Amino acid sequence: MTSKAIRQYPIVPILDISSIDNQLENTLLASVAEYHEQLHGRRIWLACSGGRDSLALAALCLQLYRQGRLPFLPQLLHVNHGLQADSDYWAQHVATWAQAQQMPCYILRATVNGHDEQAARQARYRVMLAYINQDDVLLLAHHADDQAETVLMRLIQGAGVKGLSGMQAWREQSNGTRRNSLWRPWLTVTRTAITAYAEQLKLPYIDDPTNESGDNVRSGLRRDIMPALATYNPNVINNIARSGQLLSDAQAIVHAQAEQDLQKSAVEFLSYPPAQRVLSIDEMQTLPLYRQRQLLHSWLAQDEPLPPSKQLVDDVLGLSQRHDHNHKTELDWHANAETYSIRRYHQQLSRLSHSFVEWLTLPISEQTLELMSIISPRKNSETITLRSNVYSIWQLQFTQDNIARLLKQYHLHEDSSSNSIALINNEASIILKIAPLDRHQRVQTTFATRPQAGKKLMQTLGIPVWLRDSLVVVSVVLNSDEELPLLLLSPFDSWILGFNKSEADITSHLLDSGFSNILQIHQCGSN
Ligand SMILES: Nc1ncnc2c1ncn2[C@@H]1O[C@H](COP(=O)(O)OP(=O)(O)OP(=O)(O)O)[C@@H](O)[C@H]1O
């Protein structure tokens, strides 16, 4: 704590709203009306730095609430970043002001990883969103000047339509487990209007010295560039903010189109988000190039908070357009939640998370099961784990019913009186063997006229290179010599094996009745 004394604050007057603040009031009330449904029944928090903008928004909420024109009074949340000598003083200042207004206020402490403004912002959102409950709304005092700075900042970073549409007035936010909404009702209100209102009420706001220091991009734009632009057009703030709004509408249209294109081109049955997502190149190439680029942008960005770079989108597009058969190119993307590898196999693009690629290299060991031993009236199903780590688990599950069927096929019968299964010939031993596919092992699939092995088999079944060490064969071994392969499995798919039609028929029955090949992704990655 610093030794600065905390002042006593006057209560914000109720009826003293002059014509200056009509714009602030109208804009806030219009936003309340626009998001009426989303706001209904939800708890509202106001993020208050103690600066001019958020203190002015708190004061206006108070006035309107006391006049019965605002249906809720937000609770204040102040985050103490502990970054400046006066941080504790500011926190105390906000708390004391709120107390004088009889407004609930909570002070949170954030740990900032770094010293820049971006790190402080991230830490601030993290602690505020962790503090509030699911579905609560966080009200922020961003205004038109902030919006114009944001749009300009993104322009000089080379952003696309989404980035250039700036901050959104209403945004759903999810941290994976909880949903919250961010609400910015003042994005069309200028700092000048807020200053006039704050001065009129003599609000005791704090001026953060880093806001005008010019030593980060935002404050440099604020201090040096905006005043220079205003000499060309005095309406520059409103105009840039308006461009942001127009682009926000354009972005909604682009997004809807890309979602539609994505639904058509995504290969759903091979998609295991976020481990593996697959796109059909043939489907994608029915679209004009500009839609292909947008589609790739959306496809890559799935499960990620930040979009891929234009360079990556262009590189992936290049990969999809190659006519040679050298598809060994791998493109790496170090995204926010995960690192991905983007690969092509035949006419499909796959986005694989590195955690999943690592998981694919884990060995699979051979397992055998004496079928009679696993049949018991008390046990309905049997699960075999083929490969597992903290990231993902791959299991094969089958029900007793299936096993009974299998046994029957090999001249065994069900003993209905004891509700169990008995062998006609007690000498016989039937073993279910689950083993990795050997590179030289020849198997007969329904897609070929004769047994195949190695590369030929992979090509027939369209199995990409990275899945080739993740194939297992399920077979029945009779009397320890006769081995009958039934199924070939990958983590995503299964193929019936058999030398003749009747064998293939049995296996397909088995598959139909609950022989399940299960892949579960536990977590999103290592980051
Ligand atoms: N320390 C903080 N605690 C709580 N909320 C904050 C804090 N700092 C900023 N905010 C919220 O984020 C919004 C935008 O942050 P920004 O850095 O532009 O604020 P500021 O200019 O420092 O403060 P203000 O907007 O209150 O004048 C603020 O309007 C406020 O709602």
| query | Looking at residue 408, is it over 21 Å from residue 368 (Cα atoms) and either at pLDDT below 70 or surrounded by fewer than 17 Cβ atoms within 10 Å (Cβ to Cβ) (or both)? | reply | no
| message | I'd like the residue in the range 118-164 that is closer than 23 Å to residue 180 by Cα and of a type in the set (Val, Ile, Thr) and, out of all such residues, is most open to solvent (accessible area, probe 1.4 Å). | response | 127
| message | Given the criteria under 21 Å from the mean Cα position of the chain (by Cα), open to solvent by 30 Å² or more (accessible area, probe 1.4 Å) and either within 11 Å of the ligand (Cβ to nearest atom) or of a type in the set (D, E, K, R) (or both), does residue 178 qualify? | response | yes
| said: Between 115, 81, which is assigned by TED's automatic domain parsing to the domain that holds residue 168, open to solvent by 40 Å² or more (accessible area, probe 1.4 Å) and near the ligand (Cβ under 9 Å from one of its atoms)? | reply: 81
| request: Please tell me if residue 95 is in contact (Cβ under 8 Å) with a residue 40 or more places away in the chain and more than 9 Å from the ligand (Cβ to nearest atom). | output: no
| query | Right, residue 209: over 17 Å from residue 306 (Cβ atoms), modelled with pLDDT of 95 or more and within 14 Å of the ligand (Cβ to nearest atom) or not? | reply | no
| query | Do any residues in the range 450-477 that are on the phi > 0 side of the Ramachandran plot have Cβ atoms under 9 Å from those of residues that are in a strand (DSSP E or B), where the two are at least six apart or on different chains, and which pairs are they? | reply | 462/345; 462/348
| field | Count of the range 477-515 residues which are more than 17 Å from residue 444 (Cα to Cα), at pLDDT below 80 and not in a helix (DSSP H, G or I) | value | 7
| query | Does the range 54-67 contain at least one residue that is away from the ligand (no atom under 16 Å from the Cβ) and basic (Lys, Arg)? | reply | yes
| message | Looking at the range 285-298, can you tell me whether even one residue there is modelled with pLDDT under 95 and either exposed (fewer than 14 other Cβ atoms within 10 Å of the Cβ) or in the same structural domain as residue 157 (by TED's automatic domain parsing) (or both)? | response | no
| message | Among the residues that make up the range 31-40, is at least one of them open to solvent by 20 Å² or more (accessible area, probe 1.4 Å), within 12 Å of the ligand (Cβ to nearest atom), modelled with pLDDT of 95 or more and among the charged types (D, E, K, R)? | response | no
| task | Could you please let me know if residue 434 is under 44 Å from the mean Cα position of the chain (by Cα), at pLDDT 85 or above and closer than 28 Å to residue 280 by Cβ? | result | no
| said: Step by step: first the residues of the range 188-209, then only those that are part of a loop (DSSP other than H, G, I, E, B) and within 21 Å of residue 95 (Cα to Cα), then the one that is most open to solvent (accessible area, probe 1.4 Å). Which residue is that? | reply: 202
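The values are calculated or read from the model by the stated rules, or taken from the named source; none is laboratory data. These numbers come from a predicted model, not from an experiment. Ideal geometry is used to build each Cβ from the backbone, glycine not excepted, and the neighbour counts take in all protein chains shown. All accessible areas refer to the heavy atoms of the entire protein, side chains included, with ligands and DNA or RNA removed. Shrake-Rupley method; radii C 1.70, N 1.55, O 1.52, S 1.80 Å.
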